[in-house]
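Below is one structure, written out as structure tokens; the observations come after it.
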Amino acid sequence: MSNIDYFVHESSYVDEGCVIGKGTRVWHFSHIMPGCTIGTDCNIGQNVVISPGVVLGNNVKIQNNVSVYTGVKCGDDVFLGPSMVFTNVTNPRSAVNRRGEYKETLVGKGATIGANATIVCGHNIGAYAFIGAGAVVTKDVPDYALVIGNPARQSGWMSRFGHKLSFDGHGVAVCPESGEKYLLENGRVSIINS
């Protein structure tokens, strides 16, 4: 194990058969299970479980007390807030084995999932979407959408830098931090310059 180019705290377990990219850090009391793939420069917080088959892109940040279950795939630059929850079976029962029924959840590039949010399996989170703290996601979330509440409902749009966008009469908004311009057209947001 002296050839590894990532950091694992001595209290954590990394099972054989997983792939971990250069510069990734795995902190206290975490468990990385076989068959998962973790990209470069990720930060895996305290008490995190990464299950078999999970795929994490590059620069993914997972805060403390998160379990990323089989069926979850995260793009690059995803942020998973403290104690947020993924599910992978829609109708779990202790006495019924549903291991062959895991549903996939895709989290798009740059998306943020806030603290204590719950993502019900089988729903996709769009690129740069922002899931508010405590939200319960029960349907797909479009790119750049801001959703809050239980069940989660859209309450606006977010820039790539995490600012709520205010659109003018022409459907154009400007991120106050980056200066990037966004266009809202037919219920979808796209960048018109970057």
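No value in this document is a laboratory result; all are computed from the given coordinates. These numbers were taken from a predicted model, which means no experiment stands behind them. As a convention, Cβ positions derive from the backbone with ideal geometry for all residues, glycine included, and neighbour counts pool all protein chains shown.
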**OP:** Evaluate segment 155-173: report whether one residue or more is closer than 30 Å to G53 by Cβ and surrounded by fewer than 17 Cβ atoms within 10 Å (Cβ to Cβ).
**Re:** yes
Subject >> Index of the failed condition, T112 passing every other in (1) in contact with a Lys or Arg (Cβ under 9 Å, 6 or more places away or on another chain); (2) among the polar types (S, T, N, Q); (3) farther than 17 Å from Y69 by Cα >> reply: (1)
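Just need a number here: residues in segment 155-175 that are within 21 Å of I131 (Cβ to Cβ) and part of a loop (DSSP other than H, G, I, E, B).
Filtering segment 155-175 down to residues within 21 Å of I131 (Cβ to Cβ) leaves 155-167, 173, 175.
Adding the requirement that they be part of a loop (DSSP other than H, G, I, E, B) leaves 159-163, 165-167, 175.
Of the residues in that region, 9 qualify.
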**OP:** Taking G122 as the residue in question, decide whether it is in a loop (DSSP other than H, G, I, E, B) and in contact with a Phe, Trp or Tyr (Cβ under 7 Å, 6 or more places away or on another chain).
**Re:** no
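Residues checked against (1) assigned to a strand (DSSP E or B); (2) buried (at least 18 other Cβ atoms within 10 Å of the Cβ):
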| site | (1), (2) |
| --- | --- |
| P52 | no, no |
| N59 | no, yes |
| D77 | no, yes |
| N88 | no, yes |
| G100 | no, no |
| K103 | no, no |
| Y128 | no, yes |
| G134 | no, no |
| L146 | yes, yes |
Original post:
Any idea which residue in segment 26-50 is surrounded by the most Cβ atoms within 10 Å (Cβ to Cβ), counting only those that are more than 17 Å from the chain's Cα centre (by Cα) and farther than 20 Å from T70 by Cβ?
Top reply: W27
Original post:
Residues in segment 9-22: is at least one within 20 Å of K109 (Cβ to Cβ) and either among the charged types (D, E, K, R) or part of a loop (DSSP other than H, G, I, E, B) (or both)?
Top reply: yes
Original post:
Taking into account only those residues within segment 176-194 that are out of contact with any Lys or Arg (no Cβ under 9 Å at 6 or more places or on another chain) and in a loop (DSSP other than H, G, I, E, B), which is surrounded by the fewest Cβ atoms within 10 Å (Cβ to Cβ)?
Top reply: N186
